[in-house]
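Worksheet: the structure to be examined is printed underneath.
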Amino acid sequence: MRLFVGLVVAAALLPQAASAGDYSPLDCAKASTPTELTICKSYALGQDEARMATLYGIATSLVAMGQRGEIRDEQRDWLEEREACGATTSCLNERYQTRINELNAIIDDIAKRGPF
């Protein structure tokens with residue numbers, strides 16, 4: 001566990017390359033779709049958005065360029081799936097939990113490969 005915490009702290013300190021393909025967390029001031037408005041009105045979904053965005057940032061900062069591209073592509077696909085939920089809270093909950101689990105698995109895999 002101590003190794004994992006160290007890994008997370010190290011990842012947070014890494015500079016992230018900004019590019020047009022990077023994911024940006026939802027800005028509720030600019031929310032316009034039914035999906036975005038639903039997320040912004042729900043504390044729980046807002047927390048899921050923050051958790052997912054943090055995990056995404058950590059995962060993309062710890063992997064090689066090729067895998068980073070795969071994670072970005074998966075994120076774009078996930079955003080389309082999330083948007084397809086519209087204002088259906090249960091659908092959004094499922095989408096977030098799935099993506100959070102996927103990103104946690106990527107980070108766990110990195111931690112298992114060590115040494116750090």
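Could you check the range 45-69 and list, in sequence order, the residues that are loosely packed, with under 13 Cβ neighbours inside 10 Å, of a type outside the set (A, V, I, L, M, F, W, C) and farther than 15 Å from Arg95 by Cα? Step through it out loud before you land on a result.
Of the residues in the range 45-69, the ones loosely packed, with under 13 Cβ neighbours inside 10 Å are 47, 50, 64-66.
With of a type outside the set (A, V, I, L, M, F, W, C) added as a condition, the list becomes 47, 66.
Answer for the range 45-69, where residues must be loosely packed, with under 13 Cβ neighbours inside 10 Å, of a type outside the set (A, V, I, L, M, F, W, C) and farther than 15 Å from Arg95 by Cα: just Gly66.
List every residue pair whose Cβ atoms lie under 8 Å apart, where the two residues are 6 or more positions apart in sequence or sit on different chains, the first residue falls within the range 28-41 and is free of Cβ contacts under 8 Å to residues at least 40 places away in the same chain and loosely packed, with under 15 Cβ neighbours inside 10 Å, and the second residue, located anywhere, is part of a helix (DSSP H, G or I) and of a type in the set (Val, Ile, Thr).
These pairs meet every condition: Cys28/Ile39.
Can you find a residue that is in contact with a Leu (Cβ under 8 Å, 6 or more places away or on another chain), surrounded by fewer than 15 Cβ atoms within 10 Å (Cβ to Cβ) and not in a helix (DSSP H, G or I) anywhere in the range 84-95?
Yes - at least one qualifying residue is present in the range 84-95.
Looking only at the range 96-105, filter to residues that are free of Cβ contacts under 8 Å to residues at least 24 places away in the same chain and not aliphatic (A, V, I, L, M); which one of those is surrounded by the fewest Cβ atoms within 10 Å (Cβ to Cβ)?
Filtering the range 96-105 down to residues free of Cβ contacts under 8 Å to residues at least 24 places away in the same chain leaves 98, 101, 105.
Narrowing further to those that are not aliphatic (A, V, I, L, M): 98, 101.
On the way: Thr98: 14, Asn101: 10.
Once the filter is applied, the top-ranked residue is Asn101.
Within the range 48-75, work out how many residues are under 22 Å from Leu37 (Cα atoms) and without any contact (Cβ under 8 Å) to a residue 40 or more places away in the chain.
Number of matching residues: 3.
Each value in this text was obtained by applying a stated rule to the coordinates, not by laboratory testing. Predicted model, so just to flag it, every value in this text is computed and none were measured. Note: ideal-geometry Cβ built from the backbone for every residue, glycine included; neighbour counts use all protein chains shown.
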